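The next block holds one structure in the form of structure tokens; read it before the comments.
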Amino acid sequence: MFTGIIQEIGQVLAIQRGTRSLKLQIRCQKTLSSLTVGESVAVNGVCLTVTRRGKDFFEAQVMGKTLDRSTLPRLAPGTAVNLEPALGLHSSLGGHFVTGHVDGLGWIEAIHTDDIAHMVTIRIPPELAPYLAPRGSVAIDGVSLTVAAIENLRIEISLVPHTWQNTTFHHRKVGDPVNVECDILARYVERLLHSLSGGTREKNVIAPENSHFAELLRKGGFLDSVQNEEALYEEY
């Protein structure tokens, strides 16, 4: 488990490519002090296991499923990567809960400044759209961010100068792919709705027999009326 607060920018030293795997050697300093063999580390938002530790580097292996879902196959020697060690019980939770399990790839479509902020527009795959919402959390390349806006399969995020300078975002350009991890809470909400609907996404999600769930949503301010329920179904 991670927080999405990047500890440092590392550099890929070497890559050994297998048929359906990678072995990465990554140089770092600050992160290395808290890593031992067998521990987890997030590399551009991907949870990997440390298999070897050197004086100024660590090594980690990447399996086929991870290669399919992330940007790691595109890494090359010299590439800068975001690094974060696993969350400890003594650590402060400055971002949001990030698992390091990437949901899919996004693509940068625009970058512009708004006073001190860097605004980045990212196109997301359709299957991830239900899990993203304005002012909700998202991890992009392992960085905990807030969705400023979402429209037509595009999200906009706003980066303060510190985040821009202390992550790989200042290396990014239009057209670059990025790792996207949706908020894990959205996954559990979908699972709950899926179970209550009998395994379907049909309109009987909040049926009379599930009225207690509808009441909970109303008390939480998510449903104010039957019309709001209709909107929920249409959006879902």
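The values are calculated or read from the model by the stated rules, or taken from the named source; none is laboratory data. Remember, predicted model here, so these are calculated numbers, not experimental data. No Cβ is skipped: glycine too gets one built from the backbone with ideal geometry, and neighbour counts run over all protein chains shown. The accessibility values were calculated without ligands, DNA or RNA, using every heavy atom of the protein model including side chains. Shrake-Rupley method; radii C 1.70, N 1.55, O 1.52, S 1.80 Å.
Given a 1.4 Å probe and the protein chains as shown, Glu181 ends up with an accessible area of around 10 Å². Take the Cα of Thr113, step 7 Å toward its Cβ, do the same at Leu185, and the gap between the two points is 3.4 nm.
The figure for Lys173 is an accessible area of roughly 130 square angstrom, using a 1.4 Å probe on the protein chains alone. Take the Cβ atoms of Asn166 and Leu196, set R0 to 45 Å, and the FRET efficiency comes out at 0.60. Of Cys47, Cys28, the residue with the largest accessible area leads and the full order is Cys47, Cys28 (1.4 Å probe). For Met1 and Arg52, the difference between the fully extended length at 0.36 nm per residue and the C-alpha to C-alpha distance is 16.3 nm.
Within the accessible surface of the stretch 33-81, defined with a 1.4 Å probe on protein heavy atoms only, the carbon and sulfur portion equals 49 percent. At the residue level, Ile108 shows approximately 0 square angstrom of accessible surface with a 1.4 angstrom probe and all protein chains present. Can you bin the stretch 84-190 into rounded, prolate or oblate? Criterion: square roots of the alpha carbon gyration tensor eigenvalues sorted a ≥ b ≥ c, rounded for a/c under 1.5, prolate for a/b above b/c, oblate for the rest. Judged from the Cα gyration tensor, the stretch 84-190 comes out oblate (a/c at least 1.5, b/c at or above a/b). With a 1.4 Å probe rolled over the protein heavy atoms of all chains, the accessible area of Asp183, Asp56, Asp141 falls in the order Asp56, Asp183, Asp141, largest first.
Potential lengthening of the chain between Arg123 and Ser33 amounts to 28.8 nm, from the contour at 0.36 nm per residue minus the alpha-carbon distance.
Mean silhouette area of the stretch 64-120, derived from the convex hull of its C-alpha atoms and averaged over all directions, reads 6.5 nm². Taking a point 7 angstrom from the Cα of Ala149 along the C-beta vector, which residues in the stretch 101-124 have backbone N less than 19 Å away? Output list for this probe position: 107-124.
In the context of the full set of protein chains, residues of the stretch 4-153 present 50 Å² of accessible surface per residue (probe radius 1.4 Å, heavy atoms only).
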